[in-house]
Amino acid sequence: MTHPSQYWTLRTIPNVAEVSNSQSNRFPGRELSHVQAYFQTQFPKYTQLSQLSSTENHQIQTVLFSQWCIPIVKSQSCEAQALAGLCLRCYISHGIVQACQDLAQQFGERYGFTDWDLLPMVLTDNGHKYLVWCWDRQMQLEMNGKGEWVTSVYPLFAIQILAKFNPKQGSLNTWTRRLTRCHPQLQNSLRIEYGCILRTPWSILNGATQSQRQRLSARENQILDGFHRVYRRDRRGQRGRCPDPSPSQQREMLDHLSQQGICFDSAEDLLQQLLAIADIIRQTIINPSLGSDWENAPEETESQQLMGFLEWDLIQTLKDAIAQEVPQMIHRVQKSRKYSQYAASLIPALKLLYFQGKSQREIADCLKMSNQSQVCRVLKLKQLLNGVRFKLVEKLFPKIFNRLNLDPEQIAQDIHTFDRLQQHLEQYVDEAIFQEATTEIRAGQNRRMESLFAQQMRQFLQQYSEGE
């Protein structure tokens, strides 16, 4: 249920001093009096209600949306149009906060993030500007001091939500939460920084491709075939979230697998095996190069050729990727409500690791942190490697085109060729840098930090300290 005040209360990222200790009041929002006055004028019978029903909500949103969509012709209609948009933007801010809190509750504990890590990417509306979407030109406009609509440079997420919204096809809250979960920057951050893919295990299994199945054993592939035989059949023509397999589906899978010589003691054992398979496939989605059998790949000579072309560019590009990722990591910790006090310890911790080979337990003792787990949650070394890897691949792509004299626009249109280049590049950087770097950080005491990544990290840390 919705309270009417959601249409004139804008939720934003609060200052540290404004943050309440109450979990339910972490993002209390800011009441906009001029927006409240407009809403009360338009909907006097709804203003005093304690809650709005779904029908009342739909009626309000339909009216506001129709007012916001009036063609921009006469200046006298601008203010009303902008205020209708602000009512909707306030309502959207509540949906964005709820979507991020839902994601944190669903995935945060497992992957190590909170709603505070997500909201700065999507809760970007401060309510200071009158904004609309120009339907004819497909662009965002803002009202200047003269009441004229001019092109707005920054594409506000709330306006993008409204530009794609159709009141006849559903509620604005559902639409807001759906688009928030699909926000490209948010999804990329979850994938790269936290290794989190926003799909249920059953969705991952249902959509598994042949390339993703290459890391599975013969038995695991047979189990996945049994899942597909039942689950895919029942999902035909359906859309939306993939639910847990029903008891009848589980029994049918067990019977089919038993006929194939694969037996389970219970349906629970089967589900646990399917979840384990989903985790394997999830890792190939996060790191696509894991899903390829490179030892037997027929294009191996092409990969070797590519390595030769990029050898001269690799080290400098790795330096650039590290120099970009580490400050971003520090900034993320500074913004973290839970770990901001440890931001100043990040560089010293990395030095203890890469100069002295200290274990995380030893780092915790040296920096007087509570325990090894705290160091792990603050440093997030796996996410650091993933972030550098992503930036390195992204920066090396243009160099491939230059070295091989390829036309980027032509390659972008040839999906097969583009994918092959990306796979070769990811294999190359993994073999040259990240396999050894990952092995190093997994070691315990007396680790030897001698990889190419460790060498470049030491150079960066030395230069960073000298520059302070």
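Values quoted throughout were computed directly from the atomic coordinates according to the rules given, and no laboratory measurement underlies them. Since this is a predicted model, take the numbers as computed values, not measurements. Glycine gets a Cβ as well: all are built from the backbone with ideal geometry, and neighbour counts include every protein chain shown.
Take each peptide in 256-265, 325-334, 89-98, count the other Cβ atoms within 10 Å of every residue, and average; sorted highest first, the result is 89-98, 325-334, 256-265.
What the Cα convex hull of the range 90-218 gives, in volume per residue, is 160 Å³. A viscosity of 0.890 mPa s and a temperature of 25 °C, combined with the Kirkwood radius over C-alpha pairs in the Stokes-Einstein formula, give the range 4-194 a diffusion coefficient of 141 µm²/s.
Summing +1 for each Lys or Arg and -1 for each Asp or Glu among the other residues whose beta-carbon sits under 15 angstrom from that of residue 111 gives +4.
In terms of distances greater than 18 angstrom between alpha carbons, the cross-link table entries 45/129; 338/380; 319/391; 351/382; 129/335; 335/395 yield 45/129; 129/335; 335/395. Sorted largest first, the spans of the alpha carbon positions of the range 201-286 along the three principal axes are 32, 30, 18 Å.
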